[in-house]
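Inspection log for the structure reproduced underneath, given as structure tokens.
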Amino acid sequence: MGCSSSDDEEELVLPEIANQFETNIVWQESIGNGVEHYFSRLSPAVYKDTVYVANREGQVKALKLENGDTLWKSDVRQDVSFWPWADNDSAKLSGGILQAYGKIYLGSEHGYVIALDRETGEEVWRKNVPGEALSKPAAGDGLVFVNLASGKLLALHPDTGEERWRFEQEVPALTLRGQSAPTVANGGVLVGLETGKLSVLISDSGYSAWSAEIAVAKGASEFERLVDVDTQPLISGPYAYAIAYNGNLAAVDIRSGNIVWKREYSSYRDIAMDAQSIYVVDSNGVIYALDKDSGIERWSQPALRGWYLTGPAVAGEYLALGDQEGNLHWLNKVTGELVSREDFDSSGFFVEPVVANDKLILYTRDGEVSAVQIPN
């Protein structure tokens, strides 16, 4: 197969596989034009038997998990005008969706965080924030936390949007587009920084508890020195796990900030885990499974290198991930073997599949939302 590089225009070819099972599509719906070609991490959210989806323009829908029926729809664009020169035709939603405290929370490139009532879709509040909200907000300890492209992390009251505190970090001259979605646990907020660090802030005050170095900037050029921790940290037992671009995958002791182990992997895609393993898609599209306790590599799967994969989702006995051409790939999570493939909307996948009970929710760039059955 071909490989992906700026000097090599050879067409990429997917590896031949014999499907061990066919992908069972339960229902398909659409949400406007999706996110089109824009940068976005507008990932669907699931609560009980409802799926929440949004598009970049500002349409938000609640769909029935069982059959995809629309329960409510909302439009968060402000003062929608039909005059051709008006610059209000898109809410530029880019961060979300968070479901918490009876509400749905979304962030926008315009610098707004918007809260909708989970049951009705009605707008509860809207807050102007100092920067683009490119990542999904997080909830915990009675607050909502929003990480902004300006280097600020805000703690907001979930019912009013009132700011309780803010944390500011230095932002390097050149960074990847995107921010780490925070993770809340044990009275702390974990967030990856553009400086290659994983930081923990005390959730009720915003004071810094500790900072761990996941990657160190090296090289002469600004590009070589990119070390963003853009993915959401994961927590399992006493450890937090984070990965950096041009850096490492690391397990960090959540109490002390001491690094338990560190392995050289580079990624800007979210990682996934189950009881034993961590699953990583690296910057080139190679998929890995590593032992959670030791960081020792269990397997690697390079056959999809260059296909601009999403992050992986753990779906029963399988890993599921999408690619830029709209293919859904299933891997045996024990061996890494490619076991099935199904093609969807050719606009491609841009966020990882979302697990919802016995189904996976998929979302393509052009706004096609699909529910597929997770194989037994």
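Among the numbered conditions (1) of a type outside the set (A, V, I, L, M, F, W, C); (2) within 19 Å of residue 34 (Cβ to Cβ); (3) assigned to a strand (DSSP E or B), the only one that residue 346 does not meet is (3).
Can you find, within the stretch 151-182, the residue that is modelled with the lowest pLDDT among those that are crowded, with 19+ Cβ neighbours inside 10 Å and small (Gly, Ala, Ser)?
Pass one, the stretch 151-182, residues crowded, with 19+ Cβ neighbours inside 10 Å: 151, 153-156, 158, 161, 167, 175, 178-182.
Going one step further and asking which of them are small (Gly, Ala, Ser), we end up with 151, 155, 161, 178, 180-181.
Numbers: 151: 82, 155: 96, 161: 96, 178: 53, 180: 69, 181: 81.
For the stretch 151-182, the residue satisfying everything is 178.
For the stretch 315-332, state whether one or more residues are free of Cβ contacts under 8 Å to residues at least 40 places away in the same chain and among the polar types (S, T, N, Q). Among the residues of the stretch 315-332, at least one is free of Cβ contacts under 8 Å to residues at least 40 places away in the same chain and among the polar types (S, T, N, Q), which makes the answer yes.
If I filter the stretch 129-143 down to residues being among the charged types (D, E, K, R) and surrounded by 17 or more Cβ atoms within 10 Å (Cβ to Cβ), which single residue comes out as modelled with the lowest pLDDT?
Of the stretch 129-143, the ones among the charged types (D, E, K, R) are 132, 136, 141.
With surrounded by 17 or more Cβ atoms within 10 Å (Cβ to Cβ) added as a condition, the list becomes 132, 136.
Values: 132: 87, 136: 90.
So, considering only residues that are among the charged types (D, E, K, R) and surrounded by 17 or more Cβ atoms within 10 Å (Cβ to Cβ), the one modelled with the lowest pLDDT is 132.
The residues of the stretch 6-34 that are part of a loop (DSSP other than H, G, I, E, B) and in contact with a strand residue (DSSP E or B) (Cβ under 6 Å, 6 or more places away or on another chain), listed by number, are 17, 19, 20, 21, 23, 24, 31, 32.
Quick check, is residue 57 crowded, with 18+ Cβ neighbours inside 10 Å, modelled with pLDDT under 95 and under 24 Å from the mean Cα position of the chain (by Cα)?
Working: crowded, with 18+ Cβ neighbours inside 10 Å: yes; modelled with pLDDT under 95: yes; under 24 Å from the mean Cα position of the chain (by Cα): yes.
Answer is yes for this residue.
If you scan the stretch 353-363, which residues turn out to be part of a strand (DSSP E or B) and either of a type outside the set (Val, Ile, Thr) or crowded, with 22+ Cβ neighbours inside 10 Å (or both)? Within the stretch 353-363, 356, 359, 360, 361, 362, 363 qualify. Among the residues of the stretch 335-376, just one is of a type in the set (Lys, Arg) and farther than 16 Å from residue 309 by Cβ, namely 359. Reported count of residues in the stretch 76-128, each being modelled with pLDDT under 95, assigned to a loop (DSSP other than H, G, I, E, B) and either buried (at least 24 other Cβ atoms within 10 Å of the Cβ) or not small (Gly, Ala, Ser) (or both), is 16.
Test residue 300 against the criterion of being more than 27 Å from residue 356 (Cβ to Cβ), among the hydroxyl-bearing types (Ser, Thr, Tyr) and in contact with a strand residue (DSSP E or B) (Cβ under 8 Å, 6 or more places away or on another chain), and give yes or no. Show your work before the answer.
On the way: more than 27 Å from residue 356 (Cβ to Cβ): yes; among the hydroxyl-bearing types (Ser, Thr, Tyr): yes; in contact with a strand residue (DSSP E or B) (Cβ under 8 Å, 6 or more places away or on another chain): yes.
In short, yes.
Of the set (1) in a strand (DSSP E or B); (2) closer than 26 Å to residue 241 by Cα, all apply to residue 371 but (2).
The values are calculated or read from the model by the stated rules, or taken from the named source; none is laboratory data. Predicted, not measured: the structure shown is a model, and the values here were computed from it. Note that we place each Cβ from the backbone using ideal geometry, even for glycine, and neighbour counts take in every protein chain shown.
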